[in-house]
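The values are calculated or read from the model by the stated rules, or taken from the named source; none is laboratory data. Fair warning: this is a prediction, and the values are worked out from it, not measured in the lab. Reconstructed Cβ throughout: ideal geometry from the backbone, glycine too, with neighbour counts over all protein chains shown. Calculation scope for accessible area: heavy atoms of the full protein, side chains included, ligands and nucleic acids excluded. Shrake-Rupley method; radii C 1.70, N 1.55, O 1.52, S 1.80 Å.
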Amino acid sequence: MNMQKRFKHKILKTLFLFFFLSSISSTYAGEVFELEGDPGENDTRLLSALNRLTYDRVLSNQNTKGFAFRYTSKWYSPLQLDVFVLGLAKREKMSLIRIESSKKGTERIFRNFLQEELTKKELTGGLTNYTDVSEDAKFEPYRKSYFWSESLAIVHPAASVFYNSYKSPVYGGSDRLKSMFGYIGLDLLLAGIGYYYATTTMEKNSALESYFLKPTASGNVMDSPGAPVFIGLLILPRLYRMIGGWQDTYTHNRIMEISVSKSF
């Protein structure tokens, strides 16, 4: 019983840490810049710029969450972003644009792109604001491989995160560490739950059966009735990361295209 209690306690601690890291990520997300003109005037221009960025995969969302306008990427879009527009009450003809995405790196890149497109000012561009990216990577466009991203996701999700985050502006700040440790913790948690469940379904070998040399259960978790649950729980984070790896790879390659030519 004590062993079961310690196991449950470890599960609760891992869950708490996972959700705590997730909450920190969402709390401090978002990049903001000011744009001349009120929200109504900028509506068409902003939506047009977003659709040029995502190849017509952004639409106006009626659930504005208190903002004047909101634009979200379509569910099937590999570029995930959420853009809010708010008029500044104390400043006429001025809007506040807030960009939210799954990672700080993409938020900064999308902010720089939109700010340059909508103001026509020559900014530094998405890559040159990044200390995480090497000098060679800033000026030499390079592409990520879908094959390696998806293959590593099957081996271990954290390996796929490392590949996608290496010399990539998609990941900024602590995005890489939080993603990698999140997947490692989740993988260990699900593996532990699956293993515990599988062991509870195993047949118990009695001493009497062993004495009479009767066939007994092997004691291998993979031979237990709960083995499919154990395997299924291991597959879940890998499937989830395969989707995330596809999105990261697409986003990285799209950013490389933007860094080469900002004309559409």
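Applying the set (1) in a helix (DSSP H, G or I); (2) polar (S, T, N, Q); (3) closer than 24 Å to residue 253 by Cβ to residue 72 leaves exactly one unmet item: (1).
Which residues, counting only those in the range 206-264, are among the aromatic types (Phe, Trp, Tyr), in a helix (DSSP H, G or I), open to solvent by 40 Å² or more (accessible area, probe 1.4 Å) and modelled with pLDDT under 90? Selection gives 211 alone.
Conditions (1) in contact with a Leu (Cβ under 8 Å, 6 or more places away or on another chain); (2) open to solvent by less than 50 Å² (accessible area, probe 1.4 Å); (3) assigned to a helix (DSSP H, G or I), marked per residue:
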{"residue": "150", "(1), (2), (3)": "no, yes, yes"}
{"residue": "153", "(1), (2), (3)": "no, yes, yes"}
{"residue": "171", "(1), (2), (3)": "no, yes, no"}
{"residue": "176", "(1), (2), (3)": "no, no, yes"}
{"residue": "184", "(1), (2), (3)": "no, no, yes"}
{"residue": "188", "(1), (2), (3)": "no, no, yes"}
{"residue": "191", "(1), (2), (3)": "yes, yes, yes"}
{"residue": "194", "(1), (2), (3)": "yes, yes, yes"}
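Taken together, the residues in the range 155-169 that are closer than 18 Å to residue 236 by Cβ, open to solvent by 20 Å² or more (accessible area, probe 1.4 Å) and of a type in the set (A, V, I, L, M, F, W, C) amount to 2. One residue stands out among those in the range 134-168 that are of a type in the set (Ser, Thr, Tyr) and modelled with pLDDT under 95: the one that is nearest to residue 184 (Cα to Cα), which is 165. Scanning the range 62-90 for residues that are without any contact (Cβ under 8 Å) to a residue 12 or more places away in the chain and open to solvent by less than 40 Å² (accessible area, probe 1.4 Å) yields no hits at all.
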